[in-house]
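Novice: Okay, here's the structure, questions in a sec.
The values are calculated or read from the model by the stated rules, or taken from the named source; none is laboratory data. Fair warning: this is a prediction, and the values are worked out from it, not measured in the lab. Please note: Cβ atoms are built from the backbone with ideal geometry, for glycine as well, and neighbour counts cover all protein chains shown.
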Amino acid sequence: MSAHKQFCKHLLALALVTAGAGFSSAALAGAQAQEALSASVRAVMQRSVTDQAAPKLAFATQQEAQFWLNEMSRRLQDKMPDEAYRMEFLSTVHYEATRAGLDPYLVLSLIEVESGFNKYAVSRVGARGYMQVMPFWVKTIGTREHNLFHLRINLRYGCTILRYYVDKEKGNLYRALGRYNGSLGQPEYPNLIKAAWHKHWKPVYRTERSASSSMLSER
């Protein structure tokens, strides 16, 4: 099963679990709880956040990559007017999400809810940047020169942390999102992610593929 279809399945399960709860328009800044990590888990996360490999889009062809970037750029234009930076942001989101085994659409939905795509967002509890990463993570798995307002560093930490929570919850996205936000067991935050996904980031598989094919045939 593809990552996109798995995410759709998770969202369907999430809808059943949280049915009846309303969607809030206010973003809820992340407040991950500091917890003791085993030496092996800490080592894996440290390797992940310090990796210096050059970002690249994980698509079968350059045409598919360009189509994805163009479509996501169109959706994000109002929030991020600078086209060059918007493309850099989307490329980094796709790379870091895919690298962590996460769906890029999920990560975009989370960023919308957490920070509203504000690079310098700071929550009332001190979470920082696009994915609202708590500073204690730098001490736990990073190095002191890591700046959580840096685009790639913030996304690298956020995706690594979310992947850790997904694994910890054995693939239960509802609980993993709750841990990420510091609201485990409460429906409001997962509902906000689901609403953002449905409203702005839901992929349209057949439309995207046919449009991509059409673009190729015109060249």
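Novice: Please list, ordered by first then second residue, the pairs with beta carbon atoms under 7 Å, 6 or more apart or interchain, first in region 189-204 and within 13 Å of LEU76 (Cα to Cα) and in contact (Cβ under 8 Å) with a residue 60 or more places away in the chain, second of a type in the set (Asp, Glu) and assigned to a helix (DSSP H, G or I).
Specialist: ALA196/GLU112; HIS200/GLU112
Novice: Let me ask something else about it. For region 115-131, how many residues meet the condition of being modelled with pLDDT under 95 and either part of a helix (DSSP H, G or I) or within 12 Å of the chain's Cα centre (by Cα) (or both)?
Specialist: 0
Novice: Return the only residue of GLU114, GLU64 being surrounded by 23 or more Cβ atoms within 10 Å (Cβ to Cβ), under 19 Å from LYS202 (Cα atoms) and charged (D, E, K, R). Reasoning before the result, please.
Specialist: Values: GLU64 fails: surrounded by 23 or more Cβ atoms within 10 Å (Cβ to Cβ).
When all the criteria are applied, what remains is GLU114.
Novice: What number of residues in region 159-182 are surrounded by fewer than 20 Cβ atoms within 10 Å (Cβ to Cβ) and hydrophobic (A, V, I, L, M, F, W, C)?
Specialist: Residues flagged as surrounded by fewer than 20 Cβ atoms within 10 Å (Cβ to Cβ) and hydrophobic (A, V, I, L, M, F, W, C) within region 159-182 amount to 0.
Novice: Any residue in region 131-158 that's free of Cβ contacts under 8 Å to residues at least 40 places away in the same chain and buried (at least 19 other Cβ atoms within 10 Å of the Cβ): show its pairings with residues that are part of a helix (DSSP H, G or I) and among the β-branched types (Val, Ile, Thr) at Cβ separation under 8 Å, as long as the two are six or more apart or on different chains.
Specialist: Matching pairs, first to second residue: LEU148/VAL138.
Novice: Applying the selection to region 132-148, what residues are in a loop (DSSP other than H, G, I, E, B), closer than 21 Å to ALA97 by Cβ and either modelled with pLDDT under 90 or in contact with a Lys or Arg (Cβ under 6 Å, 6 or more places away or on another chain) (or both)?
Specialist: Across region 132-148, the qualifying residues are GLY142, LEU148.
Novice: Pick from region 98-113 the residues that are in a helix (DSSP H, G or I) and modelled with pLDDT under 95: which of them is farthest from the chain's Cα centre (by Cα)?
Specialist: Of region 98-113, the ones in a helix (DSSP H, G or I) are 98-99, 104-113.
Subsequent filtering for residues that are modelled with pLDDT under 95 retains 98-99.
Numbers: THR98: 10, ARG99: 11 Å.
Selected residue: ARG99.
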